[in-house]
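Step one of this worksheet: look at the structure below.
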Amino acid sequence: MRLNGHMAAALGEARAAAARGEVPVGAVVVAPGGRIVARAGNRTRELKDPSAHAEMLAIRAACAATGSERLTGHDLYVTLEPCPMCAGVISASRIARLYYGAGDPKSGGVAHGARVFAHPQCHHAPEVYDGIAAAECAALLKAFFGERRGPE
């Protein structure tokens, strides 16, 4: 099934981010028809760029690949609920559908916190589907932070 394959690709990007010492978040942008046009994992530490979130990098790459700042009809799969910054870019790029894994009560901007897409100033809100492979996405994050914090 495409849905599982696309989230599996995002999880692969998240695992690669963890291997680089980055917070394990991965994202893929999918064109109409189901082809992945861009993929990325977090690179904030590597690039020394606080905006180098997986979603931002994948959207930038997809825009470059399509030759447009608009990704109308495209889907975004991401392993963690996007933060407000990423939600703003998702809206600006006109992503049609957002699929995400784990919710993020601390820093999320879709179902938690700022709830960017519900704000009256939001020009475009994608269809949102949450909880896709949520347990696997959350386990990856928990393991990553658990290793850094040590035994409790």
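The values are calculated or read from the model by the stated rules, or taken from the named source; none is laboratory data. Quantities reported herein were computed from a predicted structural model and do not represent experimental measurements. So basically every Cβ, Gly included, is an ideal-geometry build from the backbone, and we count neighbours across all protein chains shown. These area figures cover heavy atoms from the full protein model, side chains too; ligands, DNA and RNA do not enter into them. Shrake-Rupley method; radii C 1.70, N 1.55, O 1.52, S 1.80 Å.
Only one entry in 6, 74 is open to solvent by 10 Å² or more (accessible area, probe 1.4 Å) and closer than 18 Å to residue 92 by Cβ, namely 74. The sole residue among 147, 69, 136 that is acidic (Asp, Glu), in a loop (DSSP other than H, G, I, E, B) and open to solvent by 20 Å² or more (accessible area, probe 1.4 Å) is 69.
Here is a list of conditions, (1) part of a helix (DSSP H, G or I); (2) closer than 19 Å to residue 29 by Cα, and residue 46 meets all of them except one; can you say which number that is? Going through (1) part of a helix (DSSP H, G or I); (2) closer than 19 Å to residue 29 by Cα one by one, residue 46 breaks only (2).
In region 40-60, the residues that are over 13 Å from residue 89 (Cβ atoms) and hydroxyl-bearing (Ser, Thr, Tyr) reach residues that are at pLDDT 95 or above and open to solvent by less than 20 Å² (accessible area, probe 1.4 Å) with C-beta atoms within less than 9 angstrom, at least six apart or across chains, in these pairs: 44/22; 44/52. Scanning region 112-133 for residues that are assigned to a loop (DSSP other than H, G, I, E, B) and either within 14 Å of residue 24 (Cα to Cα) or in contact (Cβ under 8 Å) with a residue 12 or more places away in the chain (or both) gives 112, 113, 114, 122, 123, 124, 125, 126, 130, 131, 132, 133. The residue that is nearest to residue 23 (Cα to Cα), counting only those in region 81-107 that are part of a helix (DSSP H, G or I) and touching a Phe, Trp or Tyr at 6+ places or on another chain (Cβ under 9 Å), is 87. Name the single residue, out of those in region 97-133 being over 19 Å from residue 76 (Cα atoms) and of a type outside the set (A, V, I, L, M), that is most open to solvent (accessible area, probe 1.4 Å). In this case the residue turns out to be 106. Taking region 14-43, which residues are within 10 Å of the chain's Cα centre (by Cα) and not in a strand (DSSP E or B)? The answer is 14, 25, 42. If I go through region 21-40 residue by residue, how many of them are over 14 Å from residue 144 (Cα atoms) and either open to solvent by less than 20 Å² (accessible area, probe 1.4 Å) or modelled with pLDDT under 95 (or both)? Residues that pass the stated criteria total 8. Beta carbons closer than 8 Å, at least 6 apart along the sequence or on distinct chains, pair a first residue in region 82-111 that is touching a residue at least 24 places away in the same chain (Cβ under 8 Å) with a second that is open to solvent by 20 Å² or more (accessible area, probe 1.4 Å) and among the basic types (Lys, Arg) for 93/70; 94/70; 109/115. Would you confirm, using the coordinates I've provided, whether residue 18 is under 15 Å from residue 58 (Cβ atoms), at pLDDT 95 or above and open to solvent by less than 40 Å² (accessible area, probe 1.4 Å)? So residue 18 does not fit the description; no. Are any of the residues in region 43-50 open to solvent by less than 30 Å² (accessible area, probe 1.4 Å) and modelled with pLDDT of 95 or more? No, region 43-50 contains no residue that is open to solvent by less than 30 Å² (accessible area, probe 1.4 Å) and modelled with pLDDT of 95 or more.
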